[in-house]
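Notes follow the structure.
The values are calculated or read from the model by the stated rules, or taken from the named source; none is laboratory data. The shown structure was predicted, so the numbers you read here are calculated from the model rather than taken from an experiment. Note: ideal-geometry Cβ built from the backbone for every residue, glycine included; neighbour counts use all protein chains shown.
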Amino acid sequence: MTINSQAHSAVAHLFGRRGPPETGRQKEKMAIGWHRSQSLASAGLGLHVLLCSSLLLNAVFIAHQFLGASPPATPERLGDGLSWALQAAKEAEDVAAVDCSGHGSVFLDGVTGEDGRPGCECNSCFSGPDCSVRIPNCAADGQGGDPLFLEPYWKRHAAASAVVFSGWHRLSYITTDGHFKSVELDRQIRQLHRAVGNAVVDDKYLVFGTGSTHLINALVYALSPEGNAASPPASVVATVPYFAMYKSQTVMFDGREYRWDGTTAAWANNNSSRNPTRGFIEFVTSPNNPDSTLHEPILAGSSATTRTTGLT
């Protein structure tokens, strides 16, 4: 018994009362656990620092925005208290003053260059940054039409023709008194035609389109008889020189109601034009496109069924 007690005391003293001695694998596991706990502690500290930095930066930005930022500049005023319109007017005059060698223009909605500003848009047969380079062997399109020839007139009347309006101008689909078009625009169009004398506007409706080209065939169809055997198709004619679109659109949409039948000269002395059962739709454009002459109906008369329309 004495020996066993002494042996037990020796073993307890040897192991320091902490259990059996650790093996190499146990030491390795303890080392891994210690490193893992150190890594987690470092990661937690990093996240804490990042969070504090983010909060600090947000506080600085908020303080700068609401406390340190200067109030917005008051727009410069001119004349009768103008303010927001000044910037738009200045930008319009700046681009209008750019010289494109007389063969192009700069527009506010043009393609911007490397400097962030819109550049010259050249007319046909010209190129280069300022439209000063003439393109060799460039042919004019005799079938087309472009109102650029009116540009000098509008430049001479820049002040009278300039229009500035707000970005919220007539956002509603409905205008004055529940109308779907501008009452003032309607009045001005009728006044213009009365002054020129090229269209009857009283007790008539105005139909809007992006140019008369989009309305030509609608007019032909509306003026045509019913497409049946009892009502032969109307003959669509025009006086030379006429806008090429009159013929091309009529031919393209050719139907039972109408057909292209050439020029008025071919029918003026033709007995068929005096047939009361034959209907004609004569394009009378006054001032004429393209020679600007004032035209009158050629096939008009009591013996002819002539439908005439005036287009500008």
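Matching residues to (1) at pLDDT below 85; (2) farther than 19 Å from T213 by Cβ; (3) more than 38 Å from the chain's Cα centre (by Cα); (4) surrounded by 13 or more Cβ atoms within 10 Å (Cβ to Cβ):
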| position | (1), (2), (3), (4) |
| --- | --- |
| D254 | yes, no, no, yes |
| W260 | no, no, no, yes |
| A265 | no, yes, yes, no |
| F280 | no, yes, yes, yes |
| T285 | yes, no, no, yes |
| N288 | yes, no, no, yes |
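Residue-level analysis places Y221 outside the set of residues that are among the aromatic types (F, W, Y) and surrounded by 17 or more Cβ atoms within 10 Å (Cβ to Cβ).
Being at pLDDT below 85, under 29 Å from F243 (Cβ atoms) and either surrounded by 12 or more Cβ atoms within 10 Å (Cβ to Cβ) or not small (G, A, S) (or both), is that true of even one residue in the stretch 75-93? No, the stretch 75-93 contains no residue that is at pLDDT below 85, under 29 Å from F243 (Cβ atoms) and either surrounded by 12 or more Cβ atoms within 10 Å (Cβ to Cβ) or not small (G, A, S) (or both).
Quick one: would you say N198 is polar (S, T, N, Q) and touching a residue at least 40 places away in the same chain (Cβ under 8 Å)? Here the answer is yes, as N198 does meet what is asked. In the stretch 286-298, the residues that are in contact (Cβ under 8 Å) with a residue 40 or more places away in the chain and under 11 Å from P241 (Cα atoms) reach residues that are of a type in the set (F, W, Y) and in a loop (DSSP other than H, G, I, E, B) with C-beta atoms within less than 6 angstrom, at least six apart or across chains, in these pairs: N289/F243. D99 - would you say it is under 30 Å from A140 (Cβ atoms), among the charged types (D, E, K, R) and either modelled with pLDDT of 90 or more or outside any strand (DSSP E or B) (or both)? Spelling it out, D99 is indeed under 30 Å from A140 (Cβ atoms), among the charged types (D, E, K, R) and either modelled with pLDDT of 90 or more or outside any strand (DSSP E or B) (or both). Looking across the stretch 103-128, the residues that are small (G, A, S), over 21 Å from the mean Cα position of the chain (by Cα) and part of a loop (DSSP other than H, G, I, E, B) come down to S124, G128.
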